[in-house]
1. Considering only region 2-16, I want to know if a residue exists there that is part of a loop (DSSP other than H, G, I, E, B) and open to solvent by less than 30 Å² (accessible area, probe 1.4 Å).
2. Of all the residues that make up region 186-224, how many are in contact with a Gly (Cβ under 6 Å, 6 or more places away or on another chain) and under 16 Å from Ser254 (Cα atoms)?
3. Which of the residues belonging to region 258-289 are over 20 Å from the mean Cα position of the chain (by Cα) and within 15 Å of Gly243 (Cβ to Cβ)?
4. Could you please find all residues in region 176-191 being at pLDDT below 75 and either farther than 17 Å from Gly24 by Cα or touching a Phe, Trp or Tyr at 6+ places or on another chain (Cβ under 8 Å) (or both)?
5. Criterion first (among the β-branched types (Val, Ile, Thr) and touching a Pro at 6+ places or on another chain (Cβ under 8 Å)) does Val99 satisfy it?
6. Just the residues that are more than 24 Å from Gly54 (Cβ to Cβ) and surrounded by 22 or more Cβ atoms within 10 Å (Cβ to Cβ), please, taken from region 64-81.
7. Pull out all pairs, ordered by first then second residue, where Cβ-Cβ is under 6 Å, the residues are six or more apart or on different chains, the first lies in region 21-49 and is surrounded by fewer than 15 Cβ atoms within 10 Å (Cβ to Cβ), and the second is in a loop (DSSP other than H, G, I, E, B).
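The values are calculated or read from the model by the stated rules, or taken from the named source; none is laboratory data. Being a predicted model, the structure only gives us computed values, none of them experimental. Neighbour counts are summed over all protein chains in view; Cβ atoms, including those assigned to glycine, are modelled from backbone coordinates with ideal geometry. All accessible areas refer to the heavy atoms of the entire protein, side chains included, with ligands and DNA or RNA removed. Shrake-Rupley method; radii C 1.70, N 1.55, O 1.52, S 1.80 Å.
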Amino acid sequence: MIISWWTWRDHLPAELASHWSSLGPADDAMAAGALLALNLVLTGVPAVAGVAIGLWPGISARARRGVFFFLGVFGGMGATTWLLSVGLTIQMGDPYEVVLGPWVIVSFVAAGYGFIPFAISPKPRLEATDVERRFKFAPSESGAWSQTITGTLFAWATIGLIILGAVLYGPAIIDGRIIGGLLGMITIAVAILVVALFIRLRVTADWRGLRVVSAIFRIPLKRIRLDAIDVIEAAELRPTEWGGWGYRIMPGRSAVILRKGPGLIVTTTNEKQFAISLDDPETPAALLATLRDNNNAALRAAAKDVKS
């Protein structure tokens with residue numbers, strides 16, 4: 001940002017495009033100095049915080065990677081907002097004639113800058129203890145388990161988003177001003193569908209591994225193959241340890257946390273973890289462990305026969 005400002009300082013107009021309600025022309029502008037200061041904060045604060053986190057010896061590797069990721073997201077988006085606003089305004093001359101158009105894609109891609117510090121930071125060492133319980137199956141037998149769980153949190157969130165969408169865009173639809181708020185309508189509609197996916201979930205454990213499917217839309221949400229499972233645990237899940245309630249995605253970890261209490265944790269062979277709240281996690285944990293062990297034994301036997 002500083003280099004670009006130094007390069008463009010003699011060509012900067014008094015005002016720069018600063019806000020778009022759609023992919024069309026900008027509907028608001030900001031003084032060049034004010035926009036520069038705002039985006040310097042958006043990039044500078046994450047930069048300073050990143051240095052502090054990197055030098056702080058007491059923070060865990062997992063927490064450090066997660067913080068680096070989110071700081072990188074804000075920093076990348078802040079820098080891109082400045083570059084797009086200045087570059088497009090200089091090109092058009094009038095900030096209110098600046099059309100965002102396909103450049104909006106660049107803004108979303110810029111959020112991926114967070115993956116750079118995340119990838120550079122050392123990976124945490126996962127601590128997991130395999131479940132002890134096993135089932136006994138005859139050579140020709142197998143087993144399967146399934147459970148349907150209801151995410152009350154997701155149900156209320158879906159209702160809240162529907163109400164929010166109606167309040168924000170209902171008047172525009174009634175007045176026939178759909179085009180102006182089309183991007184926002186699409187965004188909130190997608191959000192409603194994504195959240196609604198998790199209202200009812202079907203969790204299955206069998207010879208294929210662990211699967212989580214939306215019971216409403218029949219869409220697979222998570223699948224871990226049996227041969228990709230390294231450790232299975234039945235443990236007490238604390239929302240604070242998994243980023244809160246709901247569907248959580250963190251560096252190297254993901255979870256569906258519906259409440260504080262029992263749940264299943266699966267650690268994969270590529271050192272990633274997935275957790276989900278369940279009423280009886282001991283049964284699917286023991287079943288997956290048994291099927292995994294039998295599968296590994298069969299693979300070793302097959303490999304031994306090939307060598308022979």
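1. Start the filter on region 2-16 by keeping residues that are part of a loop (DSSP other than H, G, I, E, B), which leaves 9-14.
Still in the running and open to solvent by less than 30 Å² (accessible area, probe 1.4 Å): none.
So far as region 2-16 goes, no, none of its residues is part of a loop (DSSP other than H, G, I, E, B) and open to solvent by less than 30 Å² (accessible area, probe 1.4 Å).
2. Going residue by residue through region 186-224, those that are in contact with a Gly (Cβ under 6 Å, 6 or more places away or on another chain) are 188, 198-199, 224.
Imposing the further condition that a residue be under 16 Å from Ser254 (Cα atoms) reduces the set to 198, 224.
Here the count works out to 2.
3. Residues satisfying the conditions are Lys260, Gly263.
4. Gly176, Gly181
5. Numbers: among the β-branched types (Val, Ile, Thr): yes; touching a Pro at 6+ places or on another chain (Cβ under 8 Å): yes.
When the stated conditions are applied, Val99 passes them.
6. The first filter runs over region 64-81 and keeps only residues more than 24 Å from Gly54 (Cβ to Cβ), leaving 81.
Selection gives nothing.
7. So the pair list comes out as Leu23/Leu100; Asp27/Ser21.
Okay, residues lined up against (1) in a strand (DSSP E or B); (2) within 24 Å of the chain's Cα centre (by Cα); (3) of a type in the set (A, V, I, L, M, F, W, C):
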site: Leu35; (1), (2), (3): no, no, yes
site: Gly50; (1), (2), (3): no, yes, no
site: Gly54; (1), (2), (3): no, yes, no
site: Pro57; (1), (2), (3): no, no, no
site: Gly78; (1), (2), (3): no, yes, no
site: Gln91; (1), (2), (3): no, no, no
